[in-house]
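The values are calculated or read from the model by the stated rules, or taken from the named source; none is laboratory data. For clarity, every value in this text was computed on a predicted model and none was experimentally measured. Glycine also receives a Cβ, built like all others from the backbone with ideal geometry; neighbour counts cover every protein chain displayed. The protein model used for the area step is the full one, side chains on, heavy atoms only, and it has no ligands, DNA or RNA in it. Shrake-Rupley method; radii C 1.70, N 1.55, O 1.52, S 1.80 Å.
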Amino acid sequence: MTKKEKYEELLPQIRSLISGETEEMSVLANVAAVLHETFDDFFWTGFYLVREGELRLGPFQGPVACMHIQYGRGVCGTAWKEQQTQVVPDVEAFPGHIACSSLSRSEIVVPLRNDAHELVGVLDIDSKDLGTFDDTDRHYLEQLCAGIGEELYKKL
């Protein structure tokens, strides 16, 4: 099955899984688990959430991770600052990369927003291989994060 086919099969399943759910940590934990189990080349899959002026570690799958990331620092902090997805084929070539694990070689970070389009967190996925992530990942993971935002972060 191609990467595109996996995403097209997976996204409706995730939408169904989280539909009507309001418990942030439960939803994010299950999304991280489903993504991590579906894609063999995802080494670390998880969320960082904006809390008290920094990104704080949320639900994830994989080895131990950094617990605090400052605005504009590393790939996650850059995604927050620039308000856009970061696709990094080689983390060693990314200025200011934060090495939570020396095994991480490529990374994608996708903003997670509420319905007012405010960034509330990021989805961070690392791979042990160079060049794992591309526009296919960007396209589908942005759709996924938009769906999570619509489901979880509605302003009442």
Rounded percent of accessible protein surface that carbon and sulfur make up, the stretch 1-155, 1.4 Å probe: 47
Phi-based couplings in Hz for the stretch 45-54 (Karplus 6.51, -1.76, 1.60; Gly and Pro marked x): 9, x, 10, 10, 10, 6, 9, 6, x, 8
Ordering of 122-134, 6-18 by burial proxy (mean other Cβ atoms within 10 Å per residue, highest first): 122-134, 6-18
Computed [θ] at 222 nm, deg cm²/dmol, the chain (DSSP H ≥ 4; -39,500 (n - 2.57); rounded to nearest 500): -12000 deg cm²/dmol
Ranked by how many other beta carbons lie within 10 Å on average, peptides 40-46, 66-72 from highest: 40-46, 66-72
Isolated Cys in the chain, by beta carbon distance under 4.7 Å: CYS76, CYS145
Simple label model, 7 Å out from Cα along Cβ direction - GLN143 to ASP129, nm: 2.2
Packing-based order for 91-101, 49-59, 108-118, using average beta carbon neighbours within 10 Å, highest first: 108-118, 49-59, 91-101
Accessible area per residue, Å², the chain with all protein chains present, probe 1.4 Å: 50
Where MET25, MET1 fall by accessible area, highest first, once all protein chains stay in place (1.4 Å): MET1, MET25
Descending principal axes extents, the chain, alpha-carbon based, whole Å: 41, 40, 25
